[in-house]
Structures are given as structure tokens and as C-alpha cells.
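Just so it is clear, none of the values below were taken in a lab; they were calculated from the coordinates. This is a predicted model, so every value here is computed, not measured. Cβ placement follows ideal geometry from the backbone for every residue including glycine, while neighbour counts extend to all protein chains displayed.
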Amino acid sequence: MSGKIIDGKAVSAALREQIKAQAQELAAKGIVPGLAVVIVGEDPASQVYVRNKEKACAEVGFYSEKYALPEQTTQQELLELVERLNQDPKIHGILVQLPLPKHLDEKGVIAAISPEKDVDAFHAVNVGKIMQGDYRFLPCTPAGIMELIHAAQVSVEGKECVVIGRSNIVGKPMAMLLLHENGTVTICHSRTRNLAEVTRRADILVAAVGKAKFVTKDMVKPGAVVIDVGMNRDENGKLCGDVDFEAVSQIADAITPVPGGVGPMTITMLLKNTLTAAQG
Ligand code: GUN
């Protein structure tokens, strides 16, 4: 028997309808949610993400501006743009697509974004608020995963939750959100000993490793809920996640596919954060 597939596209579509309706209510009061997306350089994956973000904005009736800056942009030029957007009343959310080219200081750029417009929730003020459990914005990918867990009617309370990956964008905030819902959380990473032993304890397993089919069936407890954050290419160039879906779906209670799982949720949560910022 194969596990239940958590349909990120469907959950995402339903949420986007709600966001669109709320944007219409705001528009009636003369406020159109506005997002500025900044991309530096030519990274093809980033270009696809940025295009999808603009398209999603248009679909829910948001205003958006895209700034595609050349690879050789200086830190000073980027900071000046961020400052201009901080002051622009049409813009409620600012997103600087990561990673930035190597000569730029990512931390400095994130620190320059006004915390009120930081719809990625990457600024230290927003990260700190999340740690304290008192926040307006949640980072988009972990927030989207929580929505999927809720949509699948999975309760986190008291469960063994294992997150593989400790990035600032996914792993660390993911652990915090599971903790907020009273999960017992373990974060695994490249130095974790006996990884399979730890992951096999998980009732809820989140894979954010960035390696194709890294999580194999022997690493998963039968009946677990498996969330796959990966976006990789397999040996045939086909898009695949961090989880060996074919094998793991046979024993998981519920699992997210790639594509069509976590991916669509990330942009949806960006729209939600932009709406929140516009609501003031
Ligand atoms: N690069 C990969 N994921 C993200 C994200 O969520 N936000 C930004 N700004 N850049 C990213």
C-alpha cells in the first residue's frame, strides 16, 4: 500500500484564493500589496524562481517590481536600491533572491532590509522574534511546510520530529516551528553520527539536504510523515527531491512529492507575508 500524497498544488491553490480575496478587500481601501524582487546576476535557477514570484503576484492582484541587476553590481549599489525600496510606500515587501554573487555580502544586504518589509523573515530582528514565538512573518518554506502538515491533518504535539539540514532558510527555522507546536525536535546535519538511526525515530521527517534521493526507505519508520524540501536533478536530469519517493511512499503514512509538494507552498507563503505587510 502506498502512503497518502500531500498535494502541495491543491493546498497552495486554495490558500492563494484566500489571499486574492483579502487583497481585493485591501484594494477597496486603496491599498494594493506591493512586492519588490531583486535578483543579481544570471543564475538560471534563481531566474526561474523570480519569474514565478512575479507571475504569482499578478495572479492574486498584487503590484510587483523586478530589479534584475548585473553580476558586477557593487555592495553600495545594492544597498542604495534596498534603501530606496525601504522608503517606497508602494512597496510592502522586499525580497533579495539568494544566493548573491560571491563578491557581495549577503548578511549586510539582509540587515539593510527594513524588518517591516522583510517578507523572507531573514532579518535578525525577525529571526529573533520567531525564536521568542512572537512574529508577523515566518520564513516561506518552513511556513509552507507547516501549512501542508496541517492540511494533512497531522498533529505535531508530542511527536518525534527530525529535520535533516541546518540552513538559516529551512532547517533552523523549521525546527523552531515544529517546537512551537510541541514537537520533540532533532536537527541532523553532515556531522551527525548514525544518521539512519536518528531518522528512523521520526514520526515527522523533514529532508532539506540538497542531495537527490538521499533519504532511502531504510531511514524511514513505517507510518512516518515525510516532507521533502529537495529540488534536485537525478541521473537522467529529471527533477527529484531529497527522498527516494518511489520506495519511501510505500511505507510512509503521508509524503510530499517533488514537484508539486513543498515547492508551490513557498511562493504562496511569500504572498501571504506580503499581504500581512500591506495590512500594516
Ligand atoms: N533562495 C532560495 N530560497 C530562497 C528564499 O526563500 N528567499 C530568497 N530571498 N532567496 C532564496
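Numbers at a glance
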read-out	value
In nm, spacing of pseudo-spin labels at Ala27 and Ser155 (7 Å Cα→C-beta vector)	4.1
Computed over the chain: relative contact order in percent, which uses C-alpha pairs under 8 Å that are six or more apart	23
Taking the range 73-153 and dividing mean pair separation by its residue count, relative contact order in percent (alpha carbons under 8 Å, at least six apart)	23
Charge dipole (debye, nearest 20) of the chain; +1 at Cβ of Lys and Arg, -1 at Cβ of Asp and Glu	280
Extension gain (nm, one decimal) between Lys107 and Asp218, 0.36 nm per residue minus Cα-Cα	36.1 nm
Debye intensity ratio I(q)/I(0), log10, the range 31-171, q values 0.15 Å⁻¹ (C-alpha model)	-0.84
For the chain, diffusion coefficient by Stokes-Einstein and Kirkwood Rh (Cα), 4 °C, 1.567 mPa s, µm²/s	67
Cα shape, the range 201-280, gyration tensor, a/c 1.5 rule	oblate
Two-site FRET efficiency, Arg233 against Ala10, from Cβ-Cβ distance with R₀ of 25 Å, rounded to 0.05	0.50
Computed label-point distance, nm, for sites Ala124 and Thr192 using a 7 Å Cα→Cβ extension	2.9
Of Gly34, Gly223, Gly165, the one that fluctuates the most in a GNM where the chain has Cα springs shorter than 10 Å	Gly223
Which listed pairs, of Lys29/Lys272; Lys9/Lys238; Lys53/Lys90; Lys9/Lys29; Lys55/Lys238, have C-alpha distances above 28 Å, in listed order	Lys9/Lys29
Rounded, prolate or oblate (a/c below 1.5 giving rounded, otherwise prolate when a/b exceeds b/c) for the range 160-206 by Cα gyration tensor	oblate
Sequence-distant aspartates and glutamates (8 or more away, or on other chains) whose Cα lies within less than 12 Å of Lys4	Asp253
